[in-house]
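Worksheet: one structure, shown below.
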Amino acid sequence: MKLLTDPIHKNNPITVLILGICSALAVTVKLEPALVMGLAVTIVTASSSFILSLLRNTIPPRIRIIVQLVVVATFVILIDQFLRAFAYDVSKQLSVFVGLIITNCIIMGRIEAFALGHKPWPSFIDGLGNGLGYGMILIIVAFIRELFGSGTLFGYQIIPENWYIVHGGFYANNGLMILPPMAMIVVGIIIWIQRSIIRTH
Amino acid sequence: MLRNILNKLKPSFEKGARFGFLHSTFEAFESFAFVPNTTTRSGAHVRDCNDLKRVMTVVIIALMPALFFGCWNIGYQHAHTFGVEMTFWGMWIYGFLRVLPIIIVSYVVGLGIEFTAAQLRGHEVNEGFLVTGMLIPLIMPVDVPLWMVGLATAFAVIIGKEIFGGTGMNIFNPALLARAFIFFSYPSHISGDRVWVAGLQSPSAVEVTTGATPLAEAAAGHIDRLPSTADLFFGLIPGSIGETSTLAALIGAVILLYTGVASWKIMCACVAGLLTTGFLMNWLAVNPYMSLPPYYHLLMGGFAFGAVFMATDPVTAAQTETGKWLYGFLIGTLTIFIRLFNEGYPEGMMLAILLMNAFAPLIDHYVVAAHIRRRLKRIPVNV
């Protein structure tokens with residue numbers, strides 16, 4: 001159980017280990033792609049950790065990176081094909097970032113650091129926990145960015161139309177939220193809050 | 001009299017006393033009113049009887065001409081654009097009433113955050129916001145919504161200053177950061193030709209033709225529509241509240257230089273960089289804007305205001321003497337580049353200063369390294 005909950009908070013891959021930042025900045029403009037990306041990474045980390053943990057005693061150490069990449073790439077291609085078949089719009093929004101899951105440091109890091117030295121079931125749980133920790137931060141960042149940057153959530157208008165200045169109100173969407181720097185700042189603020197919570201414990 | 005009241009109140013704000021938790025708040029008010037009893041003891045400071053608050057007060061005084069002129073100019077532009085008859089004082093009061101809420105919002109939000117941060121960390125309140133809080137309104141368009149000013153101030157103080165450790169630690173000029181925040185977040189409220197003249201955004205103002213700044217006119221290629229140099233110099237043009245008048249900025253510059261608060265090297269270098277690059281562009285001149293005499297760039301937009309009050313900010317500028325020349329020169333150069341080559345951003349001063357703020361430590365590093373190398377050469381070899 002600790003394997004599952006630890007990476008969500010105390011050992012979060014994004015906010016504590018500072019891994020996988022690039023995709024966290026790229027796919028968090030809207031909630032929908034962020035959610036799909038979080039799910040995709042969770043599935044890939046959990047299942048590739050599981051498979052490689054099964055194989056861990058038969059892989060020669062010298063070529064282990066290549067074997068790991070083959071397994072991870074297989075799952076990424078499966079996910080990519082699945083998204084293209086059943087969620088084409090989201091797949092187009094995520095574009096190259098689905099393929100780039102292969103290079104996501106979280107996945108390789110968990111395989112190297114955990115799966116190659118542990119039994120399959122704990123490795124699966126560990127991969128699941130890290131994927132969920134990653135997905136959670138993605139969703140928080142995307143929630144803030146979509147709400148303040150576009151006034152919507154999952155594409156539905158949340159901020160009332162008549163608040164906007166064009167409709168005689170006072171409100172305007174924050175254009176900076178759509179731009180990549182704001183993702184960096186939002187992640188930074190989340191790290192700040194989380195660290196002050198951890199320190200007080 | 002104030003001294004007596006403060007002395008009587010002081011014990012109850014000491015550590016452990018009834019209002020001990022408000023110690024830093026009390027401290028701030030006391031040393032604002034009087035020179036503090038302690039002088040700086042550590043670090044490489046200039047030892048002087050004046051503390052940071054006196055310096056800040058001088059800058060505030062130097063900003064007053066720009067503020068007073070800015071208020072009047074708002075009234076003048078309003079009357080001019082809408083064809084309303086207004087007296088001199090009528091214009092001034094009209095403008096003042098438009099500016100006052102922006103100043104109040106900027107100070108309340110900024111000082112509120114500063115005081116809270118100081119209380120939480122248990123140190124003295126940083127006085128840096130006194131100047132920033134006055135600079136922010138002066139570089140805003142008059143029609144900017146107040147909640148945007150508040151949000152931008154909060155962003156600048158928290159992200160731009162407090163997380164770096166407060167006054168004196170910040171990398172970027174907080175006032176410019178506030179403007180940049182609005183510039184990128186709400187571009188339609190800080191650029192274009194509708195925001196610079198008070199009242200142009202109301203629906204009844206549709207038939208009024210234009211309130212574009214000279215820079216926007218020039219960038220659009222309407223060189224013939226530029227105001228006369230005298231208008232540009234005195235500042236009878238639409239623009240941000242305090243930046244239009246080159247004259248007011250010059251009066252401020254005289255005050256700052258006479259009291260020794262700002263660096264004359266940075267100001268001179270800014271002008272030199274702007275003029276040099278301007279002449280170079282004249283020589284290239286592929287479009288009418290590029291063949292505009294470079295002194296126009298001195299007078300248009302926020303260059304004078306930025307060079308006097310923003311570029312010389314002692315915290316974010318280069319610290320070494322040679323570095324100051326380089327830093328200022330590059331600000332002038334970049335301003336021209338952004339104005340002439342970037343269609344989207346008619347005003348280059350803000351971005352040029354922010355960019356050079358980021359490079360100032362690097363400039364200092366190389367100036368010091370070059371100095372060390374020069375000194376090393378003087379040591380005889382094989383000693």
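The values are calculated or read from the model by the stated rules, or taken from the named source; none is laboratory data. Since the model is a prediction, treat every value here as computed from it, not as a measurement. When we count neighbours, we look across all protein chains shown, and the Cβ atoms used for this are built from the backbone with ideal geometry, even at glycine. Only protein heavy atoms, including side chains, enter the accessible area calculation; ligands, DNA and RNA are left aside. Shrake-Rupley method; radii C 1.70, N 1.55, O 1.52, S 1.80 Å.
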**OP:** Six or more apart or on different chains, Cβ under 7 Å: which pairs go from a residue in the stretch A:120-133 that's touching a residue at least 12 places away in the same chain (Cβ under 8 Å) to one that's surrounded by fewer than 24 Cβ atoms within 10 Å (Cβ to Cβ) and of a type in the set (Ser, Thr, Tyr)? Could you list them?
**Re:** A:Pro120/A:Ser53; A:Ser123/A:Ser53; A:Leu128/A:Thr42; A:Gly129/A:Thr5; A:Gly131/A:Thr42; A:Leu132/A:Thr42
Original post:
Does the stretch B:107-142 hold any residues that are in contact with a Gly (Cβ under 6 Å, 6 or more places away or on another chain) and open to solvent by less than 20 Å² (accessible area, probe 1.4 Å), and which are they?
Top reply: B:Gly110, B:Phe129, B:Gly133, B:Leu138
Original post:
In this structure, does B:Ile363 turn out to be touching a Phe, Trp or Tyr at 6+ places or on another chain (Cβ under 6 Å) and buried (at least 16 other Cβ atoms within 10 Å of the Cβ)?
Top reply: yes
**OP:** Output the residue which, of all residues in the stretch B:254-286 that are open to solvent by less than 60 Å² (accessible area, probe 1.4 Å) and outside any helix (DSSP H, G or I), is modelled with the lowest pLDDT.
**Re:** B:Ala285
**OP:** Those residues that are open to solvent by 10 Å² or more (accessible area, probe 1.4 Å), assigned to a helix (DSSP H, G or I) and modelled with pLDDT of 85 or more, I need them from the stretch B:151-175; list them, please.
**Re:** B:Leu151, B:Ala154, B:Phe155, B:Ile158, B:Ile159
Subject >> Filtered residues of the stretch A:84-113 (kept if free of Cβ contacts under 8 Å to residues at least 60 places away in the same chain and either over 23 Å from A:Gln68 (Cα atoms) or open to solvent by 80 Å² or more (accessible area, probe 1.4 Å) (or both)) >> reply: A:Arg84, A:Ala85, A:Phe86, A:Ala87, A:Tyr88, A:Asp89, A:Val90, A:Ser91, A:Lys92, A:Ser95, A:Val96, A:Thr103
Original post:
Can you name every residue in the stretch A:183-201 that is open to solvent by 100 Å² or more (accessible area, probe 1.4 Å) and within 11 Å of another protein chain (Cβ to nearest Cβ)?
Top reply: A:Met184, A:Trp192
Original post:
Any residue at all in the stretch B:296-319 that is modelled with pLDDT under 85 and over 20 Å from the mean Cα position of the chain (by Cα)?
Top reply: yes
**OP:** Go over the candidates B:Leu130, B:Leu111, B:Leu151 one by one and state the one that is in contact (Cβ under 8 Å) with a residue 24 or more places away in the chain and in contact with a helix residue (DSSP H, G or I) (Cβ under 7 Å, 6 or more places away or on another chain).
**Re:** B:Leu130
**OP:** Within the stretch B:166-186, identify whether any single residue is closer than 21 Å to A:Ile193 by Cα and within 9 Å of chain A (Cβ to nearest Cβ), and answer yes or no.
**Re:** no
Original post:
For the stretch B:51-106, which residues satisfy the criterion of being in contact with a Pro (Cβ under 7 Å, 6 or more places away or on another chain) and either more than 25 Å from B:Leu256 (Cα to Cα) or buried (at least 18 other Cβ atoms within 10 Å of the Cβ) (or both)?
Top reply: B:Gln77, B:Val99, B:Ile102, B:Ile103, B:Ser106
**OP:** Quickly run through the stretch A:137-182 and pick out the residues that are open to solvent by less than 70 Å² (accessible area, probe 1.4 Å), in a helix (DSSP H, G or I) and away from every other protein chain (no Cβ under 11 Å).
**Re:** A:Ile137, A:Leu138, A:Ile139, A:Ile140, A:Val141, A:Ala142, A:Ile144, A:Arg145, A:Glu146, A:Leu147, A:Ser150
